[in-house]
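Asker: Okay, here's the structure, questions in a sec.
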Amino acid sequence: MNPHPTLHILNKTPEHPRYELCMQALLPSDTLVLIENGVLSIAGAQLKAPCKLYGLKADIAARALDTLYDSSNTVDFEGLVQLTQKHEKVISW
């Protein structure tokens, strides 16, 4: 297990090249937070990430995707800040 899990913050749709790079970089001990247009990736198909996955509530609501996200897989701005504090390394994609 990775002793220093990484927080990945992804704002790209699946069509963007960095989306796939992010997916390839994920480890089971990491955490992925989908923000901005990144939350759209759950709309087309069930996203299978090898790690903990969250969507930012404000961006989910702004795109009317509330019914596609389980509330246990969402995070508000305060929760996102807490995740950045818990992880030693943060990568924005």
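Asker: In whole Hz and in residue order, list the ³J(HN,Hα) couplings for the stretch 57-66 that follow from phi through the Karplus curve 6.51 cos²θ - 1.76 cosθ + 1.60, θ = phi - 60°; x for Gly and Pro.
Answerer: Coupling constants for the stretch 57-66: 3, 4, 6, 5, 5, 5, 9, 6, 10, 3 Hz.
Asker: Amide H to amide H, which residues 5 or more places from Thr74 or on other chains are under 5 Å from it, using H placed in the peptide plane?
Answerer: Gly55
Asker: For Ser71, what accessible area in Å² do you get when you roll a 1.4 Å probe over the heavy atoms of the protein chains, rounding to the nearest 10?
Answerer: Number for this one is 100 Å².
Asker: Now for a different question. Averaging over every viewing direction, what projected area does the convex hull of the Cα atoms of the chain cover, in nm²?
Answerer: That works out to 5.5 nm², a quarter of the Cα hull's surface.
Asker: Then there's this: Could you size up the charge dipole of the chain around its Cα centre, putting +1 on the beta carbon of Lys and Arg and -1 on that of Asp and Glu, and report it in debye to the nearest 20?
Answerer: For the chain, the charge dipole is close to 160 debye.
Asker: Protein chains only, probe 1.4 Å: how do Asp66, Asp59, Asp30, Asp76 rank by accessible area, largest first?
Answerer: The ranking, largest first, comes out as Asp66, Asp76, Asp59, Asp30.
Asker: Could you tell me which residue out of Gly38, His87, Ser72 lies farthest along the dipole of the stretch 1-87 toward its positive end? Charges go on the beta carbon: Lys and Arg +1, Asp and Glu -1, centred on the Cα centre.
Answerer: His87
Asker: Moving on to the next point. Could you run the Karplus curve 6.51 cos²θ - 1.76 cosθ + 1.60 with θ = phi - 60° over the stretch 6-16 and give me ³J(HN,Hα) per residue in whole Hz, x for Gly and Pro?
Answerer: Per residue, the Karplus-derived 3J(HN,Hα) values read 10, 9, 9, 10, 10, 10, 9, 7, x, 6, 7 Hz.
Asker: For Leu32, enumerate residues with amide H under 5 Å from its amide H, sequence gap 5+ or separate chain, H modeled in the peptide plane.
Answerer: Those lying under 5 Å, H to H, from Leu32 are His8, Lys52, Leu53, Tyr54.
Asker: For the chain, which whole percent of the accessible surface, found with a 1.4 angstrom probe, sits on carbon and sulfur atoms?
Answerer: Carbon and sulfur together cover 54 percent of it.
The values are calculated or read from the model by the stated rules, or taken from the named source; none is laboratory data. Quantities reported herein were computed from a predicted structural model and do not represent experimental measurements. Note that each Cβ is placed from the backbone with ideal geometry, even for glycine, and that neighbours are counted across all protein chains shown. For accessibility, only protein heavy atoms count, side chains too; no ligands or nucleic acids. Shrake-Rupley method; radii C 1.70, N 1.55, O 1.52, S 1.80 Å.
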